[in-house]
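*Asks:* Shown below is the structure under consideration.
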Amino acid sequence: MSDQGLVVLDQVNKRFGDHHVLRDVELSVRRGEVVVIIGPSGAGKSTLCRAINRLETIDSGTITIDGTPLPEEGRQLARLRAEVGMVFQSFNLFAHKTVLENVVLGQVHVLKKSRADAEKKAYELLERVGIGGQAGKFPAQLSGGQQQRVAIARALAMEPKVLLFDEPTSALDPEMVNEVLEVMTALAREGMTMVVVTHEMGFARRAADRVVFMADGEIVEQNAPDDFFGTPRSERAKSFLAKILTH
Amino acid sequence: MDALLLEWDTVVAAFWMTVRLTAVSALGSLVLGTLLTAMRVAPLATLRRTAGVYVAVARNTPLTLVLLFTGLGVGANLGVELSSDIATNNFWLACIGLTAYTSAFVCEALRAGINTVPVGQAEAARSLGLGFLQTLGLITLPQAFRAVIAPLGGILIALTKNTTIALVVGVSEASVRMREMIETYGDQVMQIFLGFAAGFVLLCLPMGLLFGWLSRRLAVAR
């Protein structure tokens with residue numbers, strides 16, 4: 001393939017029973033690009049995001065990460081997943097491990113780094129997301145916003161080629177949304193390749209290189225944020241934006 | 001109380017046998033039960049089915065039958081000899097039978113424990129690039145164990161009492177000695193009986209307390 005996209009989805013389809021959740025999805029994400037996926041609930045945004053590291057299987061089509069098609073199972077899949085970071089809506093920090101352990105674990109067991117190196121990197125990353133002082137605590141002792149920042153540090157510790165965010169602020173209390181978005185905006189500025197499913201339109205305007213609008217399992221339109229929010233072309237995008245931007 | 005005092009050494013030796021049977025079988029059951037649990041959640045359908053059938057058979061067969069099978073079937077008929085000393089041989093056969101039976105219950109408890117671990121925990125582990133066994137060993141099983149410590153304690157107590165059935169393979173644990181003593185000291189049946197019952201209560205009560213304390217201490221906060 002001559003396409004130099006880092007993440008390339010080609011003719012991706014998925015059904016849950018009768019429900020066609022992804023319809024012929026075509027998407028190519030360049031290195032360093034920040035793609036924000038928005039759309040009404042049930043549009044298939046999260047499924048698309050989760051399909052990129054095969055937490056959801058797809059029925060047809062291909063997904064390629066840095067030129068390598070996603071393997072079906074086993075060791076190759078694990079290796080590829082290590083290169084694709086994932087941040088979940090519900091944080092999913094390992095509940096029985098300390099904050100430090102959460103960030104160290106993958107480095108030691110997947111990247112086979114020494115414990116000392118892994119801890120050094122973990123402290124750096126925790127400092128970077130503003131949780132340096134909480135390394136010894138357990139996830140349940142932190143606020144939602146803090147937990148999500150730890151989750152971002154955990155994903156960054158693997159030095160992924162691309163980071164996927166599946167509605168990272170949807171489970172947060174309003175006053176904690178910004179602390180997470182600030183970390184994400186900083187990452188975007190530093191050139192991290194990101195695919196972000198979100199309802200935060202402010203973040204999309206501020207940090208995205210491209211906004212992808214999905215509805216009913218399809219990519220309806222995609223454009224630079226200013227163009228998309230200023231002059232949406234499709235009726236569905238217009239009506240979606242009208243509903244969310246009026247209040 | 002004369003009989004119990006006169007035969008004190010025998011009583012202690014009998015309960016020591018009970019403790020040894022319990023300890024070895026508990027360890028064996030924990031290992032085999034964990035292995036069975038891993039098989040039951042494995043990606044390979046054959047492994048899942050094999051473990052499922054094993055658990056169904058072991059859990060629904062009376063322990064007396066299981067122990068008779070290991071003693072008469074495996075030991076006498078198939079001629080499996082684990083030691084040239086007959087008492088030691090019987091001991092190991094009893095441990096195998098108790099382990100085969102109890103591990104099915106450990107597996108069921110652990111599987112219930114796995115169900116308490118949110119799916120997101122395994123998803124997060126796999127998205128870091130951890131394989132199936134790493135995810136199970138580092139993330140899912142440790143949390144599952146912590147969730148079912150109290151039921152595992154219950155299984156251990158049941159196992160302790162179940163060791164009395166080892167008499168069918170000729171292991172002289174507490175209940176065998178009790179029957180022998182009742183035959184010798186026919187006038188003190190009640191005292192002997194109460195003495196041995198107290199012995200079991202003394203063994204099992206601390207286990208229940210310990211596991212209750214552990215389960216509170218090791219609970220995973222979510």
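We did not get these values from a lab; they are worked out from the coordinates using the rules stated. Not measured: the values here are computed from a predicted model. Cβ coordinates were reconstructed from backbone atoms using ideal geometry, including for glycine residues, and neighbour counts include every protein chain displayed.
*Asks:* What does the charge count around A:LEU241 come to, taking other residues whose C-beta lies under 12 Å from its C-beta (Lys +1, Arg +1, Asp -1, Glu -1)?
*Replies:* The answer is +3.
*Asks:* Further question on the same structure: PRE reach from A:ASP18 (point 7 Å along Cα→Cβ): which of the stretch A:38-65 fall under 19 Å by backbone N?
*Replies:* It comes to A:42-44, nothing else.
*Asks:* Something else: Using the number of other C-beta atoms within 10 angstrom as an exposure proxy, rank A:ILE52, B:ILE149, A:ILE244 with the fewest first.
*Replies:* With the sparsest Cβ surroundings first, the list reads A:ILE244, B:ILE149, A:ILE52.
*Asks:* Tell me which DSSP H helices of chain B clear both cut-offs, 24 Å or more of axial length from alpha-carbon atoms and a mean Kyte-Doolittle hydropathy of at least -0.5.
*Replies:* Passing helices, by number: B:8-40, B:86-116, B:189-217.
*Asks:* Do the sum for the protein assembly as shown: with -39,500 (n - 2.57) for every DSSP H run of n ≥ 4, divided by all residues, what is the mean residue ellipticity at 222 nm, to the nearest 500 deg cm²/dmol? Spell out each step's value before the answer.
*Replies:* On the way: 19 runs with 254 residues, N = 469.
For the protein assembly as shown, the value works out to -17500 deg cm²/dmol.
*Asks:* Let me ask something additional. Report, ordered by chain and residue number, the aspartates and glutamates lying within cross-link reach of A:LYS45, taken as a straight Cα distance under 15 Å and ignoring same-chain residues fewer than 8 apart.
*Replies:* Hits, sequence-local ones excluded: A:ASP24, A:GLU26, A:GLU56, A:ASP166, A:GLU167, A:GLU200, A:ASP216, A:GLU218, A:GLU221.
*Asks:* I'd like the antiparallel share, as a percent to the nearest 5, of DSSP beta bridges with both residues in the protein assembly as shown.
*Replies:* DSSP beta bridges in the protein assembly as shown are roughly 55 percent antiparallel.
*Asks:* Taking Rh as the Kirkwood radius computed over C-alpha pairs, what is the Stokes-Einstein D of the stretch B:16-173 at 20 °C in a medium of viscosity 1.002 mPa s, expressed in µm² per second?
*Replies:* The Stokes-Einstein estimate is 129 µm²/s.
*Asks:* Using θ = phi - 60° and the Karplus form 6.51 cos²θ - 1.76 cosθ + 1.60, what ³J(HN,Hα) does each residue of the stretch A:79-87 get, whole Hz, x for Gly and Pro?
*Replies:* 5, 5, 4, 4, 8, 10, x, 9, 10
*Asks:* Can you check how the C-alpha radius of gyration of the stretch A:143-236 compares to 2.2 N^0.38 Å, as a plain ratio?
*Replies:* Values: Rg = 14.0 Å, N = 94, 2.2 N^0.38 = 12.4 Å.
With N residues counted in the stretch A:143-236, Rg over 2.2 N^0.38 Å equals 1.13.
*Asks:* Based only on the alpha carbon positions, what is the Kirkwood hydrodynamic radius of the stretch B:88-213, in angstrom?
*Replies:* Computed over the stretch B:88-213, the radius equals 17.4 Å.
*Asks:* Restricting things to alpha carbons, tell me how big chain A is in terms of Rg and Dmax, in Å.
*Replies:* That works out to 18.0, 55 Å for Rg and Dmax.
*Asks:* Which whole number in µm²/s is D for the protein assembly as shown by Stokes-Einstein, with the Kirkwood Rh taken over Cα pairs at 25 °C and 0.890 mPa s?
*Replies:* Estimated via Stokes-Einstein, D reaches 94 µm²/s.
*Asks:* Relative to the longest principal axis of the C-alpha atoms of chain A, give the angle of the C-alpha long axis of helix A:144-156, reported between 0 and 90° and rounded to the nearest 10°.
*Replies:* With both axes taken from Cα atoms, the answer is about 90 degrees.
*Asks:* Within straight cross-link reach of A:LYS113, meaning Cα distance under 13 Å, which aspartates and glutamates are found once same-chain residues fewer than 8 apart are removed?
*Replies:* Qualifying aspartates and glutamates at Cα under 13 Å: A:GLU159.
*Asks:* A follow-up question, please. List the residues whose amide H sits under 5 Å from the amide H of A:GLU221, counting only those 5 or more places along or on another chain, with H placed 1.01 Å from N in the peptide plane.
*Replies:* Those lying under 5 Å, H to H, from A:GLU221 are A:PHE213.
*Asks:* Over the whole of A:81-91, what's the average partner chain Cβ count within 10 Å per residue? Rounded to a whole number, please. Show your work: numbers first, answer last.
*Replies:* Values: counts 7, 4, 1, 3, 3, 5, 2, 4, 1, 5, 2.
Whole-number average of other-chain Cβ neighbours for A:81-91 is 3.
*Asks:* Only Cα pairs under 8 Å and at least 6 apart count here; give the relative contact order of chain B as a rounded whole percent.
*Replies:* Working: 247 pairs, mean separation 64.5, N = 222.
Computed over chain B, the figure is 29 percent.
*Asks:* Would you please put A:178-188, A:55-65 in order of how densely packed they are, using the mean number of other Cβ atoms within 10 angstrom per residue and starting with the highest?
*Replies:* Ranked from most to least packed, the peptides come out as A:178-188, A:55-65.
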